[in-house]
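Below is one structure, written out as structure tokens; comments come after it.
The values are calculated or read from the model by the stated rules, or taken from the named source; none is laboratory data. On a predicted model such as this, the values are computed, not experimentally measured, just so you know. For neighbour counting, all protein chains shown are included, and Cβ atoms are generated from backbone atoms with ideal geometry for every residue, glycine included. All accessible areas refer to the heavy atoms of the entire protein, side chains included, with ligands and DNA or RNA removed. Shrake-Rupley method; radii C 1.70, N 1.55, O 1.52, S 1.80 Å.
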Amino acid sequence: MSGVLNSGQYVAELHKARTGVLNAYNQTRSQKDSCRREVSTLVGRSETALSELAQAILPDLSSAAVERAVQMTGYTTLAATNPAGELELAQKQLLESIAQRGVDIRNRIAVLEEHPEFQNRLLLRAPNTGTLVREIAEISYFREPYVETLRRCDHPRLQRLLEVNYGLPSYSVPFWRLSYYADWKAGDEIVAKFGADSDFAKVRAEFLTARDAAATYDRKLSKLREELARGESIEREHQYLCDETQQIQEGRHPLQEQYHRMPEQFLKEARIRLERYLADVDLVAIGDRLAKYPDVEGMAKRYYGLKKQAEYLRKTSTELLTNSESGLAQTLSRLDRDISKYNRPKYQYQRFQADDLQKLQSREHRALDLLNRQRMAQAAIVGFAAYEMGRLDEDCLWWDVITDGKVKANYIDEVAQFKAMHPEYKYRRMKRKPGETEIVDDGDLELVEDAAYAIANAGLDSDLSSDIS
Amino acid sequence: MLTEHEGCAILKEAFLAAGYDIADNVPFSEGNIQFNIDGFDAAARVGFEFITTEAGDRNELTPEMIAAVEKAIEKGALFLLLVDEEEIDAEDDLRNHARRFLDRVAERRRGAGVSR
């Protein structure tokens, strides 16, 4: 497009540009989400690979296995902590605890069996025939008629009637007060439960006798029930201790089960310590050691490769997508502002250079270009599974191994530094036959400094002053 | 709880049935006793007072005034059934209590040689 545009044409072009930029922005965000999910998957796989690697390095806690693990990894602390020795000591202490528990149980059982409440348990507490049981039943039986009297007297106004001496000569509520009649009514209702020949004075006496008698019986019952409960508690404890003894004799005691689980637990803990060490150490530094154990080295390469895949993929997102996304967001914001501004009548006669719109088009193209680069890098990283092709030494650039030397990424510090320190470096693809390699000619690949490109794109609005025009 | 109107209606019906010529809101002034009685037969000196907050009775009937009324009743110079709205919930209870009060009054009046 060239020439001069009026404000209507210019605003229409801005709308068109906005659609393009918005599309690039949405695609970039969506790609970031996709990348985040892939990173998460890779991290999970690398953790599993690390766990498998630790299992392979330390199959058991024997001295030979620990020694071999130290030789493989250089993790001398493992030998120093002597997990096998720790296990032996802990198991010995637990065996002593079990033996001591057996002694304690026997002593406690002896004490309980000396207790009169245990010795006379049948005499005291046998169902139906025990003296305590019978006594409780008898007292409950004697108590019942009194409780029945109390139940018959039950009335919301009973307590008041007792307090004002209703039914006695000393009752003094005057007849012109309503409470006199309410007392009268309540008294009649209670007396009605005791038959026609009764009156409240008799009922009152009967109630007070029943209340005192029931209270006396309740005190006795309470004491007997406490005695019964105490004896039952001793019996329960005795039974529990006998069961525990049986468990020990049959090897089913929880402490014995713990004893049998200990080797597995100690091995697991030792492997966790080893995992932490392997996660912290640069495997390249122990590559020579691992190379002596090809099966383990293969697993180490797999773990290292997965870790690198996650790390590289995260970097591509940060460097190629995050920066671009913020630049596009700024451009969108400014486009919205300009569209609003130049729609106003005061700009209707203003003229605009069509060349100004070129900048917007090139911004959109650059963003899409970065997006495509990241997608290609992601596809290469995620698709990689040939971990045996990598090496755990300083002359191996895992980025090239993972991308088969086909993707440039100087925006990744590791890659840039490696290239700087190896100016003559050419990626050599390993062939499946041991020792054979193939130099990959990347001369026809476009060498683009992606980092500089991304940074330039991120700041794509920095050259704009107040508006796009 | 019964309202002033409901309570007075029930009491008036019971007192009329017992033969008393009950008038509403009768001004009463004797000695220290000065208030409007809700229902009162001035000739028989028999009536009732239904004490409610709604009617402002608690301002008019102070504890001192009630004590004076009770003293007069005790002497047999006056027969008033004093009903506090807080003490009664059911119409039937109020009706029965009024009937029993009137029986008591009749006994007293007979004992004092007064007919009816």
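Some notes on this structure:
- Of the helices (runs of 4 or more DSSP H) lying entirely inside region B:51-116, those carrying at least 3 residues that are within 10 Å of chain A (Cβ to nearest Cβ) and either without any contact (Cβ under 8 Å) to a residue 40 or more places away in the chain or in contact with a Lys or Arg (Cβ under 7 Å, 6 or more places away or on another chain) (or both) are B:63-75, B:91-111.
- Residue check, A:Leu22 touching a residue at least 12 places away in the same chain (Cβ under 8 Å), more than 30 Å from A:Glu88 (Cβ to Cβ) and in contact with a strand residue (DSSP E or B) (Cβ under 7 Å, 6 or more places away or on another chain): no
- Annotation note: of B:Arg104, B:Arg108, B:Arg99, the sole residue that is basic (Lys, Arg) and within 24 Å of B:Ser29 (Cβ to Cβ) is B:Arg108.
- Which listed residue is small (Gly, Ala, Ser), modelled with pLDDT of 95 or more and farther than 27 Å from A:Ala80 by Cβ, from A:Ala310, A:Ala279: A:Ala310
- Condition met for A:Leu42 (closer than 16 Å to A:Asp338 by Cα, touching a residue at least 24 places away in the same chain (Cβ under 8 Å) and either in the same structural domain as A:Ser340 (by TED's automatic domain parsing) or open to solvent by less than 60 Å² (accessible area, probe 1.4 Å) (or both)): no
- Residues satisfying the stated conditions in region A:105-121, i.e. more than 52 Å from the chain's Cα centre (by Cα) and closer than 17 Å to A:Ala229 by Cβ: A:Pro116, A:Asn120
- Of A:Ala126, A:Ala201, all but one fail to be out of contact with any Asp or Glu (no Cβ under 7 Å at 6 or more places or on another chain) and over 25 Å from A:Glu235 (Cα atoms); the exception is A:Ala201.
- Qualifying residues in region B:71-98 (those that are closer than 13 Å to A:Leu178 by Cα, among the charged types (D, E, K, R) and touching a Phe, Trp or Tyr at 6+ places or on another chain (Cβ under 9 Å)) - the one least open to solvent (accessible area, probe 1.4 Å): B:Glu85
- Residue within region A:61-72 that is open to solvent by 50 Å² or more (accessible area, probe 1.4 Å), in contact with a Leu (Cβ under 9 Å, 6 or more places away or on another chain) and under 30 Å from A:Asp282 (Cα atoms) present: yes
- Residue check, B:Leu61 at pLDDT below 90, within 17 Å of A:Ser179 (Cβ to Cβ) and among the hydrophobic types (A, V, I, L, M, F, W, C): yes
- Being assigned to a helix (DSSP H, G or I), in contact (Cβ under 8 Å) with a residue 40 or more places away in the chain and over 30 Å from A:Arg29 (Cα atoms) is true of A:Arg271.
- Residues that are part of a helix (DSSP H, G or I), of a type in the set (A, V, I, L, M), farther than 18 Å from A:Asn165 by Cα and open to solvent by less than 80 Å² (accessible area, probe 1.4 Å) do occur in region A:197-213, at least one of them.
- With respect to the stated conditions, A:Leu278 fails to be of a type in the set (A, V, I, L, M), more than 30 Å from A:Gly390 (Cβ to Cβ) and either touching an Asp or Glu at 6+ places or on another chain (Cβ under 9 Å) or in contact (Cβ under 8 Å) with a residue 60 or more places away in the chain (or both).
- Among the residues of region A:313-355, those that are of a type in the set (A, V, I, L, M, F, W, C) and not in a strand (DSSP E or B) comprise A:Leu313, A:Leu320, A:Leu321, A:Leu328, A:Ala329, A:Leu332, A:Leu335, A:Ile339, A:Ala354.
- Of the helices (runs of 4 or more DSSP H) lying entirely inside region A:360-469, those carrying at least 2 residues that are modelled with pLDDT under 90 and of a type outside the set (A, V, I, L, M, F, W, C) are A:450-458.
- Some residue of region A:150-172 being of a type in the set (Ser, Thr, Tyr), more than 10 Å from chain B (Cβ to nearest Cβ) and in a helix (DSSP H, G or I): no
- Single condition A:Asn82 does not satisfy, out of (1) at negative phi; (2) open to solvent by 50 Å² or more (accessible area, probe 1.4 Å); (3) not small (Gly, Ala, Ser): (1)
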